[in-house]
Amino acid sequence: MGERSRVVVLRELLPAGQELLAARFETDSLGLDATREQMLAAAAGADALVTDLTFAVDGELLDAAGSQLKVVANFGVGYDNVDLAACAEREVVVTNTPDALTNATAELALTLAMAAARDLSGAEKDLREGSWQGWDPARWRGFELSGATIGVVGAGRIGGRFMELVAGLGGERLYTARQPKPELELKLGAERVHLDDLLRRSDLVSLHLPGTPETRHLIDERALGLMKPTAVLVNTGRGTLVDSKALIRALDEGRLGAAGLDVFEGEPDLDPGFLSAPRVALAPHIGSATFRARDEMSRLVAANVIAVLDGREPPNPVTRAKK
Ligand code: NAP
């Protein structure tokens, strides 16, 4: 028998996936506190790297791994942390974990939409701080989503599922996507429109695009200016989709109704303006954080690594470069 392949988990994979890998390969797992230097050192000689959105997978890391590297398996569906061109140049396959987290992320978008619309965070803070004076007819009034026009920006897997979840609220359903989605139009009566039209007409706008150079700051001062002053903006896509400063100004000046945010520019640091802005529901990038989704994502990571190292097509290729 030849030498066992080496799989390096540059941060952490859950047991559901880790055990599948450990049964087949020599594995090394650096843990959540791994520094870039430790990652570069540990990657040397790896046949597979397990990565996640918190660090860059670039030419430097790939070169540190060496020319035997066959696969970068990203723990997550978004792969804006991975330099796909650098991987393709080195004939390294890139994989991700779609579908497993679609329900979890769509449900969090709905949670944030509801929480932001009713300023649940502000109201709960009042209660926790002991400043609640009892039932008040005027205080803590928010926005109702029943009958609202709902705009989904990026109606892919997660955006499409979000649209299904909100269908029970009634009202119009609008979406943007690069390709039309006949199933959403037929099943849910959704209408594909231009982004500006969606922003003008929607009472709730939910962002489900990937983070790319083209989608950076799609929601900027101009876009926010098109939205209704009572509209709720939800972002579970990527922090880079929204110009944080412009959003904070719009909330502070009452030009936007509310915001529900799971992702941030430069996370885990977040603009302190979000902590003091009114009517904001915040979550620390927990879109896929359900027991079911994270276990399934971990299994998918392992299945992708195993397939590539066995010389098969992986279940979830982002790029198909093969050695
Ligand atoms: P998806 O199925 O690929 O959907 C992406 C949607 O964006 C599609 O409708 C796509 O249009 C559209 N789109 C518009 N411009 C695009 C561009 N420049 N590049 C690619 N797509 C573009 O992906 P998904 O599984 O729904 O995931 C969407 C994003 O959610 C991920 O990329 C990730 O950033 C984010 N996410 C966040 C969390 C979290 O924890 N908060 C969890 C999971 C995912 P077409 O359909 O016409 O291609």
Item checked: 3 or more residues aromatic (Phe, Trp, Tyr) and under 18 Å from Glu296 (Cβ atoms): qualifying strands (runs of 3 or more DSSP E) within the range 45-101 -> none
Item checked: Qualifying position, being basic (Lys, Arg), closer than 22 Å to Leu261 by Cβ and more than 16 Å from the ligand (Cβ to nearest atom), among Arg128, Arg139 -> Arg128
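Specify the residue that is farthest from the ligand (Cβ to nearest atom); the eligible residues are those in the range 191-200 that are over 23 Å from Gly170 (Cβ atoms) and not charged (D, E, K, R).
Step by step, filter the range 191-200, then rank; the result is His194.
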Note to self: Being β-branched (Val, Ile, Thr) and more than 26 Å from the chain's Cα centre (by Cα) is the filter here; which residues of the range 1-55 pass it?
What the structure shows: Thr27
Note to self: All but one of (1) among the hydrophobic types (A, V, I, L, M, F, W, C); (2) over 26 Å from Asp295 (Cα atoms); (3) within 16 Å of the ligand (Cβ to nearest atom); (4) in contact with a helix residue (DSSP H, G or I) (Cβ under 6 Å, 6 or more places away or on another chain) hold for Ile158; state the number of the condition that does not hold.
What the structure shows: (2)
Next item on the list: Please specify each residue of the range 283-323 satisfying the condition of being assigned to a helix (DSSP H, G or I), crowded, with 17+ Cβ neighbours inside 10 Å and within 15 Å of the ligand (Cβ to nearest atom).
Entry: Ala293, Arg294, Glu296, Met297, Ser298, Leu300, Val301
Notebook entry, point to check: Applying the selection to the range 74-110, what residues are among the small types (Gly, Ala, Ser), in contact with a Leu (Cβ under 7 Å, 6 or more places away or on another chain) and more than 10 Å from the ligand (Cβ to nearest atom)?
Noted result: Ala86
Margin query: I'd like to know if the range 167-179 contains one or more residues that are away from the ligand (no atom under 13 Å from the Cβ), modelled with pLDDT of 95 or more and basic (Lys, Arg).
Written below: yes
Margin query: Can you report the number of residues in the range 201-228 which are within 9 Å of the ligand (Cβ to nearest atom), assigned to a loop (DSSP other than H, G, I, E, B) and of a type outside the set (D, E, K, R)?
Written below: 8
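The values are calculated or read from the model by the stated rules, or taken from the named source; none is laboratory data. Just so we're clear, the structure is a prediction, and the values are computed from it rather than from any experiment. Counting neighbours? That spans all protein chains shown, and the Cβs are built from the backbone with ideal geometry, glycine included.
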